[in-house]
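Report on the following structure.
The values are calculated or read from the model by the stated rules, or taken from the named source; none is laboratory data. Just so we're clear, the structure is a prediction, and the values are computed from it rather than from any experiment. Cβ placement follows ideal geometry from the backbone for every residue including glycine, while neighbour counts extend to all protein chains displayed. These area figures cover heavy atoms from the full protein model, side chains too; ligands, DNA and RNA do not enter into them. Shrake-Rupley method; radii C 1.70, N 1.55, O 1.52, S 1.80 Å.
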Amino acid sequence: MKKFLIPILIIAVVGIFVYTKAVGTYNQFVQSEETINGQWAEVQTQYQRRADLIPNLVNTVKGYAEFEQETLTGVVEARSKATSVQIDASNLTPEKLAQFQQAQDQLSGALSRLLVTIEKYPDLKANQNFLELQAQLEGTENRISVARRNFNESVQAYNSNLRTFPNNIFAGWYNFEPKGYFEAAAGAENAPTVQF
């Protein structure tokens, strides 16, 4: 009778170990995904803050500058496109993230062109409303950078955990998939050229 108890006991211990490891790994992935979702919400908040500042900037510039309508129109259109690209936190695939990032990069480019064009207008550069909006935009760009870095760190921790053994086995069972990263915009390695 004792001979039958030993294999049953071994199977029970192994079963309990596998069960607790599977449950622990699942819970760990869920917590990591929630961290990523929270970081993604922060990224979206900062991009939304920038989008909310843009109409005020455009209206302030319109009031002071008599310059290319095309530049203002480009900023407004880029803002519209950037705010129309939405990604659900549960669908952070590399492709969707690249689409979101491309729309945001177009808006950043349009804002850069606007700020370079403004150099021609000394009255506007001295206007307190403009200076305040410009400072808020600079602060927002810094916040976006920090939010993106924090998001990428969360994704890196999640993806690393997902790929390690034996977590990769449990991840396959539970259908956890790698998340996408924010990447630098094309040409970001080159310093911008400013000409007056």
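Points to keep in mind about this one:
- For the chain, the fraction of 1.4 Å probe accessible surface lying on carbon and sulfur atoms is 55 percent.
- Remark: the chain projects, on average over all directions, an area of 13.4 nm² (convex hull of Cα atoms).
- Helix axis angle, 2-64 relative to the chain longest principal axis, alpha carbon, degrees: 10
- Under 19 Å from K62, Cα to Cα: lysines that are on another chain or at least 8 residues apart: K120, K125
- For region 90-100, putting each phi into the Karplus relation 6.51 cos²θ - 1.76 cosθ + 1.60 with θ = phi - 60° gives couplings of 7, 10, 8, 6, x, 5, 5, 5, 5, 5, 4 Hz, in residue order, rounded to whole numbers and with x for Gly and Pro.
- Only the Cβ atoms of Lys and Arg (+1) and of Asp and Glu (-1) were treated as charged; on that basis the dipole of the chain about its Cα centre amounts to roughly 1020 debye.
- Segment Y26-S160, extension gain: residue separation times 0.36 nm, minus the distance between their alpha carbons: 46.8 nm
- Note on W173: accessible area approximately 150 square angstrom, rounded to 10, probe 1.4 Å, nucleic acids and ligands left out.
- Shown is the FRET efficiency for Q44 and K120, computed with R0 = 25 Å from the Cβ-Cβ distance and rounded to the nearest 0.05: 0.15.
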